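Visitor: Okay, handing you the structure first.
The values are calculated or read from the model by the stated rules, or taken from the named source; none is laboratory data. Computed from a prediction, not measured in an experiment: that's the story for all the values here. Cβ placement follows ideal geometry from the backbone for every residue including glycine, while neighbour counts extend to all protein chains displayed. In case anyone asks, the SASA skips ligands and DNA or RNA and just uses the protein heavy atoms, side chains included. Shrake-Rupley method; radii C 1.70, N 1.55, O 1.52, S 1.80 Å.
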Amino acid sequence: ALTSDLASMFRSAFERAGVALQIDCEPLPEPVFVDRDTWEKIVLNLVSNALKFTFAGVVRVTQRVERDHIQLQVRDSGCGIAAEDLTRVFERFFRGRAAQSRTHEGTGIGLSLVKELVKLHAGRITANSE
């Protein structure tokens with residue numbers, strides 16, 4: 001419920017941008033211990049980043065129970081990440097060469113912060129792009 005609520009905070013921004021926001025977070029079979037403030041930073045950074053680089057189509061937020069962990073996935077139909085940038089996307093202060101973005105603001109610390117916060121939860125983060 002927390003993940004759905006956090007992602008839903010962006011619904012009006014997605015509507016204004018003409019991009020669909022799909023949230024599919026299945027109920028958890030039991031409580032999961034998570035630092036709420038940290039989880040909020042993770043979800044909000046990922047969803048806002050997806051919106052920043054998606055101009056048409058959809059952003060999907062899914063949360064699934066795996067064997068021994070919870071998987072959060074944020075997928076978008078945005079402009080993609082250049083192959084040469086993909087290995088550096090979680091580096092502090094790195095700003096990739098996006099063909100298009102909603103804003104040119106940013107310090108390049110959002111995804112590096114997410115990586116560090118995920119590590120604090122004993123998790124891992126990956127990025128893929130086509």
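Visitor: Note the angle between two axes, namely the Cα long axis of helix 36-52 and the longest principal axis of the Cα atoms of the chain, as a number of degrees from 0 to 90, rounded to the nearest 10.
Guide: For helix 36-52, the angle is close to 30 degrees.
Visitor: Leaving out ligands, DNA and RNA, what percent of the accessible area of the chain is carbon and sulfur, probe 1.4 Å?
Guide: Of all accessible area on the chain, carbon and sulfur atoms account for 49 percent.
Visitor: Under 20 Å from the 7 Å Cα→Cβ point of residue 33, by amide nitrogen: which residues of the stretch 111-130?
Guide: The answer is 117-124.
Visitor: Accessible area per residue of the chain at 1.4 Å probe, in Å²?
Guide: Per-residue value: 67 Å².
Visitor: Also, quick follow-up: For the chain, take the longest principal axis of its alpha carbons; what is the angle in degrees between that and the long axis of helix 110-120, to the nearest 10 within 0 to 90?
Guide: The angle comes out at about 20 degrees.
Visitor: Percentage of Cα-Cα pair distances in the chain greater than 17 Å, rounded to whole percent?
Guide: The calculated P(r) of the chain puts 58 percent of pairs beyond 17 Å.
Visitor: What does the net charge come to around residue 57 if you take all other residues with beta carbon closer than 12 Å to its beta carbon, with K and R at +1 and D and E at -1?
Guide: Net of charged neighbours comes to +1.
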